[in-house]
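The values are calculated or read from the model by the stated rules, or taken from the named source; none is laboratory data. Just so you know, these numbers come straight off a predicted model, no measurement behind them. Cβ coordinates were reconstructed from backbone atoms using ideal geometry, including for glycine residues, and neighbour counts include every protein chain displayed. When the accessible area is computed, the model is the full protein with side chains, heavy atoms only, and any ligands, DNA or RNA have been set aside. Shrake-Rupley method; radii C 1.70, N 1.55, O 1.52, S 1.80 Å.
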Amino acid sequence: MRGLTHRRVEQRAGLAQGSAKYYFGPLDALVEAVLTHLLTEELPLVLEVSPEERADAMAKGETEALLTRARAVVEAVSARPDRVRARFILYLHAAGDPHLEHLVGEARDVMVARIAESLPGPAAEVGARFVCALVDGMLLDQLSAPSEVVEAHAARFVLAAGAAGAQLARGGPGE
C-alpha cells in the first residue's frame, strides 16, 4: 500500500497515463473501487444454507451435501490467495483512517447481511459476524502460516462456523 499510486496502477493495468486519476480521482476513491471489486468477487462465494436445510441435514446425519458445497467455496477462495491477501492489506491500511474504516465496515456489513439470511433467529447479525470473524481468521492464518491440517479440514471448519453462527443467531438469555 505504501507504493500504491495512480501511475503504478496504470502501468500494471496497461492504461494510458492519467486514466486512473481521471476515472477514480483521489487515491481513497481508488481504494474504495478495489474494496468494491473484491466484495463483488467474494459475495457469490458465501455458502448459503437455509435454516431448514441445515436442520434437516443435521437431524438425518446427512451433512455430506453441505460439506461438498463448503469444499467448493473453500476451493474457490483458495484458488485466489492474491485476492484474499489484497483484502487483508486493504483492511490494515484502512485502520486509523475514519473514511477508509467506514468503507471497510460497509463492505463487511454487506457480507454479514448475506450470511445472516441463512441464519435463523432474532440475532442473525450476531451469528453472521461470528461466521465472518472465524472465516477471516482462518484465511489470515492460512496466508501467514499455512497449515496442512487447516487446509485438509477447512470445509468442515466453515460448516462448524455456520453451525455455531446459527446457534448464536437463535439468541437467548444473557445475550
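Table for the structure above
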item	result
For the range 40-169: accessible area per residue (Å², 1.4 Å)	55
Helix-only CD estimate at 222 nm, as mean residue ellipticity for the chain, using -39500 (n - 2.57) per DSSP H run (n ≥ 4)	-24500 deg cm²/dmol
Net charge dipole size for the range 28-162 [Lys, Arg +1 and Asp, Glu -1 on Cβ; Debye, nearest 20]	240
Mean Cβ neighbour count within 10 Å, used as a protection proxy, ranking 127-139, 19-31 highest first	127-139, 19-31
Spacing of the two label points (7 Å from each Cα toward its C-beta) at Ile89 and Arg2, in nm	1.3
Förster radius 30 Å - calculated FRET efficiency between Asp56 and Val150 (Cβ-Cβ, nearest 0.05)	0.60
Extension reserve of the Asp28-Thr68 stretch, reckoned as 0.36 nm per residue once the Cα distance is removed	10.5 nm
Relative contact order (%) - the chain, alpha-carbon pairs under 8 angstrom, separation at least six	24
Separation of alpha-carbon centers, the range 29-86 and the range 133-175, rounded to whole Å	12
Charge dipole (the range 9-73, unit charges on Cβ, about Cα centre) - positive-most of Phe24, Val49, Ala65	Phe24
